[in-house]
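Nothing in this text is a laboratory measurement; each read-out follows from the coordinates by a stated rule. Source: prediction; values computed, not measured. Methodologically, a virtual Cβ is constructed for each residue, glycine included, from the backbone with ideal geometry; neighbour enumeration extends over all protein chains shown.
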Amino acid sequence: MRNMHALAITHKGMEDITVLELEEILGTSGTSKEGAVLFSVKKEEDLVLFAYRAQSIVRVLLLLQELKVEKLDDFNALSIKKLPANAKTFAVRCIREGEHTFTTLDVEKKVGELIHNAIGMPADLKQADLNFLVYLAGQDAFMGIDMVNYDLSKREYRIFNPAHAIKSTIAYAMLRMAGIQKKETILDPFCSAGIIPIEAALFFANKSPHFYRKASFKTIPGICTEDVLVPLDKKTGETETTIHTVHPSFHAIAGAKKNAKIAGVEKNLQFSRTELDWLDTKFKEGEIKHAVTIMPSGKQEAPDAKKTYKDFFYQMEYIVDKKGVVVIAATQPELIEEWKCSFVIKEKRTIMQGMMPLQIYVLGR
């Protein structure tokens, strides 16, 4: 059977996390591109399964063509081949990274005209049978069929969703950067909406982040979603990992509980309203294997940023295992250098959250 080419779109800076998920979920390797990963599968159902199960991705495409694009007319090189016979309508969307002489709408209109002229199929932007997606990263263009026509970085459990909350996909990437393992103890001391603990619980329970919307998990014509996904859901279960969901605010803890309940992982988390400088009374020395969190920022969250960082690392020094890891998203790296105690920065990377760069630090001893 001939392999089919595919593209998983993620966030720039965490392509290696998507490669890791490909190996774990599909048992296949991937090649990193800017904000995306190329890979091959033997059947379309594998793409649906990966879209459903992976926690690091934004879109999954059945890849039709790659080309170099400097100007809009370069899209004329697209070769529109035979498509599924039972598809009656199509739509074109574009995700564009980098600077170009044309807009996203220009691409959608241009490629839409090319498809219509090649196969005569009418466009339907609301209820299309086939949803084409063009992913542009600099001059590299990838055109394919969006397998589920849905932003896979979105989570239905995010009802309590503060404006500063991190994307769930990036929260998951931070957990994998920590090297989390089963039966270890994980702490998020600034849990906010509970995004990091919830993604950890989903991962350890082998539960899809789209578990409660699989009935509307639309795919390309001819694929029965239920046949692909239901057997996978039967393998979900309770996690043996202790995940502490902590915040100084009662309001934040209440919101995190609501989100966790909607996600179906509330019983897998331990919630506690605890002030930062009291963590060493709640946890024993070295009890926490990994601490993964977003450092508070802004005058409302951290009116005295220096004190917050100082207290944070003082607490981590005591409660985190000597071989444990601390992963933080932080906007003030100079305070990490000033107050990190015996921790050393093992890794620093930038992950793009939309147009905003997010600085992630991995610290160990």
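Order of Leu175, Leu114 from fewest to most other C-beta atoms within 10 Å?
Details: Leu175 24, Leu114 18.
Arranged by neighbour count, lowest to highest, Leu175, Leu114 become Leu114, Leu175.
Counting other beta carbons within 10 Å of each residue's own, what order do Lys306, Lys71, Lys340, Lys12 fall into, fewest first? Can you show the working numbers first?
Numbers: Lys306 13, Lys71 9, Lys340 20, Lys12 16.
Ordered from fewest to most neighbouring Cβ atoms within 10 Å, Lys306, Lys71, Lys340, Lys12 come out as Lys71, Lys306, Lys12, Lys340.
Only bridges whose two residues both fall in the chain count here: according to DSSP, what percent of them are antiparallel, nearest 5? Don't jump to the answer; show the numbers that get you there.
Details: 39 of 65 bridges.
Just about 60 percent of them are antiparallel.
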- Please report, in debye to the nearest 20, how large the charge dipole of region 168-364 is about its Cα centre when each Lys and Arg carries +1 at its beta carbon and each Asp and Glu carries -1 there. 500 debye
- Query: Residues with amide H under 5 Å of Leu358's amide H, sequence separation 5 or more or different chain, H placed in the peptide plane at 1.01 Å from N; which?
  - Reply: Ile351, Met352, Gln353
- Message: For Ser208, Ser29, which order do you get if you count the other beta carbons within 10 Å of each Cβ and list the fewest first?
- Response: Ser29, Ser208
- Cα centroid distance between region 1-42 and region 153-218, in Å? 20 Å
- Compute the signed sum of charges (Lys and Arg +1, Asp and Glu -1) over the other residues within less than 10 Å, Cβ to Cβ, of Glu338. +1
- Task: Only Lys, Arg, Asp and Glu count, each charged at its Cβ (+1, +1, -1, -1), so figure out the dipole size of the chain about its Cα centre, rounded to 20 debye.
- Result: 640 debye
- Item | Dipole of the chain, positive direction: furthest Cα of Ile253, Thr350, Asn3, with charges on the beta-carbon | Ile253
